[in-house]
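Working notes, structure below.
The values are calculated or read from the model by the stated rules, or taken from the named source; none is laboratory data. No experiment lies behind these values; they were computed from the predicted model shown. Here the Cβ is made from the backbone with ideal geometry for all residues, glycine too, and neighbour counts use every protein chain on show. Note: areas computed on protein heavy atoms with side chains; ligands, DNA, RNA excluded. Shrake-Rupley method; radii C 1.70, N 1.55, O 1.52, S 1.80 Å.
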Amino acid sequence: MEQTLGNLLLTLRRARGLTQIQLAEKLTGVIGMQQPTISDLERNEYHPSAGQLEHVLRQLEATPQDRASAYTLAAKQVAR
């Protein structure tokens, strides 16, 4: 399977033991991101802004390597 931003975020979310609803609860007050948007994000149907992506990565406690991968993958999505 091709690595995409959505796949990476899904993997990170599951590794943290979070449901989409739990992640949305952490993000709703900060950036207003709700569960349907997280679902779209994981299916690569939503392209977050750099600021939104940063908040998602913080909530997922992404490592520096995961952060770098996420930004690289996000840039590839925009280029398509």
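Hey, could you check segment 1-54 for residues that are among the β-branched types (Val, Ile, Thr) and more than 14 Å from Leu73 (Cβ to Cβ) and say which is least open to solvent (accessible area, probe 1.4 Å)?
Across segment 1-54, the extreme among qualifying residues is Ile38.
State whether the residues of segment 39-59 include one that is in a loop (DSSP other than H, G, I, E, B) and of a type in the set (A, V, I, L, M, F, W, C).
For segment 39-59, residues in a loop (DSSP other than H, G, I, E, B) and of a type in the set (A, V, I, L, M, F, W, C): absent.
Which of the residues that make up segment 1-38 are over 10 Å from the mean Cα position of the chain (by Cα), of a type in the set (Lys, Arg) and part of a helix (DSSP H, G or I)?
Arg14, Lys26
Does Leu18 satisfy being touching a residue at least 12 places away in the same chain (Cβ under 8 Å) and in contact with a His (Cβ under 7 Å, 6 or more places away or on another chain)?
The answer is no for Leu18.
Quickly run through segment 60-80 and pick out the residues that are modelled with pLDDT of 95 or more and assigned to a loop (DSSP other than H, G, I, E, B).
Residues satisfying the conditions are Leu60, Glu61, Ala62, Thr63.
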